[in-house]
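Here the structure comes first, spelled out in structure tokens, and everything after it is commentary.
The values are calculated or read from the model by the stated rules, or taken from the named source; none is laboratory data. Please read all numbers here as calculations on a predicted model, not as lab measurements. Every residue, glycine among them, receives a Cβ derived from its backbone with ideal geometry; neighbour counts consider all protein chains shown.
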């Protein structure tokens, strides 16, 4: 049956509309994969209730972090390898396999058996498998698009694809909140029908537009040093967030230090291997192309800053603002996703426009301007009080979304246009690595910054407020001296931790009025709001700096540069003629001042 359908679809492959088939299918795949990188952020409380596990118990925080980060770690580690394999074996084959693996893992997650730690461990394993499928999709989707579209149309195509990649992480917050409010398993089932349709459609419709594959052997040493090194660094970041001994975080732990040091050494070894091996996993000499190097640097800087924004806004809404406005802690994940819609709208509106205009104008101006606007939005957000007026909050996060949208498409197009056709798979993988690794790094960086901020002010505030509600001073100080990571994750998940932080006997002995205040909707938000805003200022200042550095990197990419392959000029000319038939005039060539040779002089 598939053979007949494949034969019937051969006319699509040779036709002028194939590029739109490739765009629509890869957009579906990337959107699905990106949504799953964030969908659990909002739905974790419902998932842990569903498997009957309290994630705030000290021994369970590890489950919480790995259910959240397992997918992103697997994706970040494998995209470069899968991009290179796509160059060698065929990009559409690798992409199709990604759809299949992702769909099967989604089914496995939806059918999670048992409860407690066993269910959480099963979920972590399946999330890693799902991340493998996501890596296959991310690594090859962009290369498939660049193969299918001529250089003068790639900005629009990559703009739409970038919207799916980054916008999917925003949309996942909303979808996760809506579905988790009904049943936690729906968070995983939602991907299944799209996965089945996408798998069949990809197998039928996609093919490798670039016929010559890279005939190489797999670089085993390069793959091993890169994968193990990056895994150790990301695992070290995960454990660094957890308390160690009497310390609030584990960055001084021998285990964490060993992971980080060995990971960095392996990545250095990876660079030496790649510069000496005849057939490298990743051609590091691509970084000699200024547009490629600066584009990837801007990408990782913006990804870290953007990831920090998401986490801080979720904590702000779920832990403080929504409870102060009468929402129950159980309903805050749903409403946090809804109240973050202006951020998503800003991105979805500006992304396609930026992609379309950057094909005709300066990619550098759009990417740089987007990051500057994002930096301004961080400065504006820092002026808000903890209990802000929503209309101002909505405007500021809308501006941040617009800035991200202006940046995404031109930056992606500049990166992919700058490399030879035979290197597009690995270039796509490196671009995806910077985005996904940036998101994982943002968890470590911003949670650490926030925990540092809370550690300076939260213990005194908590002790004072508990004593004011007749909690014995010794108990109040003991509770306040607990590592702030528990309070931070409680705010992140939309939990009220006071009922579990205070000993049951103490809570039962308090006056009824005091006990109801402590476990009510407003005590914890009022308690954490001051320390949180102190930490927020530190975190958003760091994001602002990252965005400004990304703006500088975007500007330093130079003027527009497109690596031309033999025959590509003719293909682009035919595409222009088809598209603009009947038009009176059309400027078909870049202005001389808009083009440079891609090299640093």
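Conditions: (1) closer than 23 Å to residue 492 by Cα; (2) modelled with pLDDT of 75 or more; (3) under 21 Å from the mean Cα position of the chain (by Cα). Residue 333 meets all but one. Number of the miss?
(2)
Would you please name the residue that is nearest to the chain's Cα centre (by Cα), looking only at residues in region 224-247 that are closer than 27 Å to residue 458 by Cα and surrounded by fewer than 21 Cβ atoms within 10 Å (Cβ to Cβ)?
Our first condition is that a residue be closer than 27 Å to residue 458 by Cα; within region 224-247, this holds for 236-247.
Still in the running and surrounded by fewer than 21 Cβ atoms within 10 Å (Cβ to Cβ): 239, 242-247.
Working: 239: 20, 242: 22, 243: 25, 244: 28, 245: 31, 246: 32, 247: 29 Å.
Top of the filtered list is 239.
Go through region 56-80 residue by residue and tally those that are over 19 Å from the mean Cα position of the chain (by Cα) and either assigned to a helix (DSSP H, G or I) or buried (at least 24 other Cβ atoms within 10 Å of the Cβ) (or both). Show your work before the answer.
Initially, region 56-80 is screened for residues over 19 Å from the mean Cα position of the chain (by Cα), giving 56-63.
If we keep only those that are either assigned to a helix (DSSP H, G or I) or buried (at least 24 other Cβ atoms within 10 Å of the Cβ) (or both) too, we end up with 58-63.
Adding up the residues that qualify gives 6.
Regarding region 93-107, can at least one residue be identified that is more than 23 Å from the chain's Cα centre (by Cα), on the phi < 0 side of the Ramachandran plot, assigned by TED's automatic domain parsing to the domain that holds residue 433 and assigned to a helix (DSSP H, G or I)?
Narrowing region 93-107 to residues more than 23 Å from the chain's Cα centre (by Cα): 93.
Adding the requirement that they be on the phi < 0 side of the Ramachandran plot leaves 93.
This time we only want the ones that are assigned by TED's automatic domain parsing to the domain that holds residue 433, so: 93.
Adding the requirement that they be assigned to a helix (DSSP H, G or I) leaves 93.
Yes, because at least one residue in region 93-107 is more than 23 Å from the chain's Cα centre (by Cα), on the phi < 0 side of the Ramachandran plot, assigned by TED's automatic domain parsing to the domain that holds residue 433 and assigned to a helix (DSSP H, G or I).
Based on this model, can you work out whether residue 453 counts as surrounded by fewer than 18 Cβ atoms within 10 Å (Cβ to Cβ) and either within 28 Å of residue 180 (Cβ to Cβ) or in contact (Cβ under 8 Å) with a residue 40 or more places away in the chain (or both)? Break it down stepwise before answering.
On the way: surrounded by fewer than 18 Cβ atoms within 10 Å (Cβ to Cβ): no; either within 28 Å of residue 180 (Cβ to Cβ) or in contact (Cβ under 8 Å) with a residue 40 or more places away in the chain (or both): yes.
No.
So, residue 547, is that one at pLDDT 85 or above, under 31 Å from the mean Cα position of the chain (by Cα) and surrounded by 15 or more Cβ atoms within 10 Å (Cβ to Cβ) or not?
Numbers: at pLDDT 85 or above: yes; under 31 Å from the mean Cα position of the chain (by Cα): yes; surrounded by 15 or more Cβ atoms within 10 Å (Cβ to Cβ): yes.
So residue 547 passes the test.
Considering each of 83, 114 in turn, give the residue that is over 23 Å from residue 173 (Cα atoms), in contact (Cβ under 8 Å) with a residue 24 or more places away in the chain and in a helix (DSSP H, G or I).
Numbers: 114 fails: in a helix (DSSP H, G or I).
83 is the lone residue from the list that is over 23 Å from residue 173 (Cα atoms), in contact (Cβ under 8 Å) with a residue 24 or more places away in the chain and in a helix (DSSP H, G or I).
Give me the residue from region 214-262 that is at pLDDT 80 or above and out of contact with any helix residue (DSSP H, G or I) (no Cβ under 6 Å at 6 or more places or on another chain) and, out of that set, farthest from residue 487 (Cα to Cα).
That would be 224.
Return the only residue of 375, 414, 379 being touching a strand residue (DSSP E or B) at 6+ places or on another chain (Cβ under 8 Å) and closer than 26 Å to residue 555 by Cα. I'd like the intermediate steps shown before the answer.
Working: 375 fails: touching a strand residue (DSSP E or B) at 6+ places or on another chain (Cβ under 8 Å); 379 fails: touching a strand residue (DSSP E or B) at 6+ places or on another chain (Cβ under 8 Å).
Result: 414 is the single residue among 375, 414, 379 that is touching a strand residue (DSSP E or B) at 6+ places or on another chain (Cβ under 8 Å) and closer than 26 Å to residue 555 by Cα.
Which one of these does residue 396 not meet: (1) in contact with a helix residue (DSSP H, G or I) (Cβ under 7 Å, 6 or more places away or on another chain); (2) within 21 Å of residue 316 (Cβ to Cβ); (3) touching a residue at least 60 places away in the same chain (Cβ under 8 Å)?
(3)
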